[in-house]
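S.K.: If you scroll down you'll find the structure; I have some questions about it.
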Amino acid sequence: MRSEEILQDEVRGQKAAWIEQVIRDFCATAANSLENGTGEKAWGEPRVAFARGDDPLYEELKADIGPFFWTPAEAFALAFPDAPLPAGRLAVISYILPQTEATRADQRRENEVPAERWARSRFFGEAFNCELRLHLAAALTAAGFPAVAPERLPGFAYRQSERYGLASNWSERHTAWIAGHGTFGLSDGLITELGKAVRFGSVVAAIDLEPTPRPYAGHQDWCLWYARGTCGACIRRCPADAITEAGHDKQKCFDYIRNVTTPYATEHYGTGATPCGLCQVKIPCEARNPL
Ligand code: SF4
Ligand code: SF4
């Protein structure tokens with residue numbers, strides 16, 4: 001390897017380490033909270049991965065999901081209309097925030113509605129996640145790497161995909177898959193090295209980073225159902241019968257969350273948002289890659 005390539009790798013490594021530290025430091029603040037009066041954190045230790053802005057999977061997703069789906073370059077151009085950049089000059093930073101053991105343990109005891117800790121992580125924890133997205137984008141921009149959190153753009157919205165029904169124009173889960181965090185399971189959740197009981201966030205930045213290797217070929221490789229024809233535990237966990245051998249019925253899931261779990265959480269826990277996630281625990285892929 002030539003010396004300038006070695007130097008370039010070293011600089012990329014330093015930038016990656018700095019980004020990880022920005023995320024970790026923010027997760028260590030009091031803002032990462034279940035807001036239950038005990039100072040308990042909403043999320044455990046994060047995990048960070050990087051994708052190329054011009055990864056061809058983004059264009060494939062756009063063709064598959066619909067023209068409303070943003071590529072990283074499109075999301076970046078919305079934030080910086082006077083200084084758009086080609087996809088090859090961009091990187092996507094994707095992170096995972098894992099549910100804590102206490103939250104997962106509570107949720108494992110529930111069969112019909114989410115546990116209070118889970119509802120709190122969905123509400124207060126996701127509010128923190130929104131802050132984290134913005135904090136990371138601001139830190140990068142201040143350091144000279146213009147950045148945007150697509151999910152925080154005013155135009156972020158759900159649309160009707162001809163093929164998939166309701167779909168958002170930026171997908172944190174698909175970004176995590178492209179960045180090498182994991183693959184999809186029967187229930188549509190992403191199975192990561194930290195399992196499926198996680199939430200995701202991402203930022204697109206004008207920065208040169210080494211993409212994280214994707215240790216899989218197919219998009220469902222880590223699900224026991226698709227890999228070995230076994231398991232199906234998430235089917236039994238869903239009280240709405242929204243998961244079957246055919247996969248995840250988004251409409252049934254949406255209806256159950258809107259009509260049952262959200263009103264329950266609002267009335268009993270005083271939280272907002274739309275919690276459920278019963279299919280994310282008490283399963284082999286809850287907190288690990290089951291393979
Ligand atoms: S519970 Fe089993 S079938 Fe469902 S996503 Fe996880 S590994 Fe796949
Ligand atoms: S999130 Fe949806 S699929 Fe999962 S258990 Fe709840 S209703 Fe079922």
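S.K.: Enumerate the lysines that residue 196 could reach by cross-link, defined here as Cα to Cα under 16 Å, with residues fewer than 8 away along the same chain left out.
M.R.: Those lysines meeting the cut-off are 282.
S.K.: Quote the charge dipole size of region 67-150 about the Cα centre in Debye, to the nearest 20; the model charges only the Cβ of Lys and Arg (+1) and of Asp and Glu (-1).
M.R.: 160 debye
S.K.: Could you size up the charge dipole of region 187-291 around its Cα centre, putting +1 on the beta carbon of Lys and Arg and -1 on that of Asp and Glu, and report it in debye to the nearest 20?
M.R.: 260 debye
S.K.: So if I place +1 on the C-beta of Lys and Arg and -1 on the C-beta of Asp and Glu, and nothing else carries charge, what would the dipole magnitude of the chain be about its Cα centre? I want it in debye, nearest 20.
M.R.: In total the dipole reaches around 560 debye.
S.K.: What does the charge count around residue 191 come to, taking other residues whose C-beta lies under 11 Å from its C-beta (Lys +1, Arg +1, Asp -1, Glu -1)?
M.R.: -1
S.K.: Please state the relative contact order of region 1-86 as a whole percent: Cα pairs under 8 Å, 6+ residues apart?
M.R.: So the answer I get is 14 percent.
S.K.: Further question on the same structure: Using alpha carbon centroids, what distance separates region 253-269 and region 167-208, in Å?
M.R.: The two parts, judged by their Cα centres, are 25 Å apart.
S.K.: Can you compute the modelled spin-label distance between residue 14 and residue 266, with each label point 7 Å from Cα toward Cβ, in nm?
M.R.: About 5.2 nm, to one decimal.
S.K.: Rounded if a/c is under 1.5, else prolate if a/b beats b/c, else oblate: with a ≥ b ≥ c from the C-alpha gyration tensor eigenvalues square-rooted, which is the chain?
M.R.: In terms of gyration-tensor shape, prolate.
S.K.: Here's a follow-up. If I take all pairs of Cα atoms in region 130-232, what percentage of them are more than 17 Å from each other?
M.R.: Taking all Cα-Cα pairs of region 130-232, the fraction more than 17 Å apart is 62 percent.
S.K.: Given a Förster distance of 45 Å, report the FRET efficiency between residue 291 and residue 83 from their Cβ-Cβ distance, rounded to the nearest 0.05.
M.R.: After rounding, the FRET efficiency stands at 0.55.
S.K.: Could you pull out every one of the lysines with an alpha carbon less than 22 Å from that of residue 62, ignoring same-chain neighbours closer than 8 positions?
M.R.: Excluding near neighbours in sequence, the set is 250.
S.K.: Can you tell me the length gained on complete extension of the stretch residue 157 to residue 131, counting 0.36 nm per residue apart and subtracting the Cα distance?
M.R.: 7.5 nm
S.K.: With every protein chain present, what is the per residue accessible area of region 1-117 (1.4 Å probe, Å²)?
M.R.: Heavy-atom accessible area per residue stands at 50 Å².
S.K.: Tell me the relative contact order for the chain as a rounded percent, counting alpha carbon contacts under 8 Å between residues six or more apart.
M.R.: Averaging sequence separation for qualifying contacts and normalising by length gives 23 percent for the chain.
S.K.: Another question, if that's okay. If you take the square roots of the eigenvalues of the alpha-carbon gyration tensor of region 67-218 and sort them as a ≥ b ≥ c, do you get rounded (a/c under 1.5), prolate (a/b over b/c) or oblate?
M.R.: It comes out prolate by the Cα gyration axes.
S.K.: Pulled fully out, how much extra length does the chain show between residue 244 and residue 64, if you take 0.36 nm times their separation in residues and subtract their Cα-Cα distance?
M.R.: Extra length from residue 244 to residue 64 when fully extended: 62.5 nm.
S.K.: Can you return the aspartates and glutamates within cross-link range of residue 41? Criterion is Cα-Cα under 17 Å, with same-chain partners fewer than 8 residues away left out.
M.R.: Candidates past the 8-residue exclusion: 25, 101, 106, 116, 126, 131.
S.K.: On a full-extension model of 0.36 nm per residue, what is the gain between residue 3 and residue 54, subtracting their alpha-carbon distance, rounded to one decimal in nm?
M.R.: 15.8 nm
S.K.: May I ask which residue of 176, 190, 70 lies farthest towards the positive end of the charge dipole of the chain, with charges of +1 (Lys, Arg) and -1 (Asp, Glu) on Cβ and the Cα centre as origin?
M.R.: Result: 190.
S.K.: According to a simple spin-label model (label point 7 Å from Cα along Cα-to-Cβ), what is the distance in nm between residue 259 and residue 208?
M.R.: Inter-label distance under the simple model: 5.6 nm.
S.K.: If you take the charge dipole of the chain about its Cα centre, with +1 on Lys and Arg Cβ and -1 on Asp and Glu Cβ, which of 129, 256, 97 is farthest toward its positive end?
M.R.: Going by the charge dipole, the pick is 256.
The values are calculated or read from the model by the stated rules, or taken from the named source; none is laboratory data. What you see is a predicted model; the values in this text were computed from it and never measured. In this analysis, Cβ positions are derived from the backbone assuming ideal geometry, glycine residues included, and neighbour counts consider all displayed protein chains. To get the accessible areas, we keep the full protein, side chains included, count just its heavy atoms, and leave off ligands, DNA and RNA. Shrake-Rupley method; radii C 1.70, N 1.55, O 1.52, S 1.80 Å.
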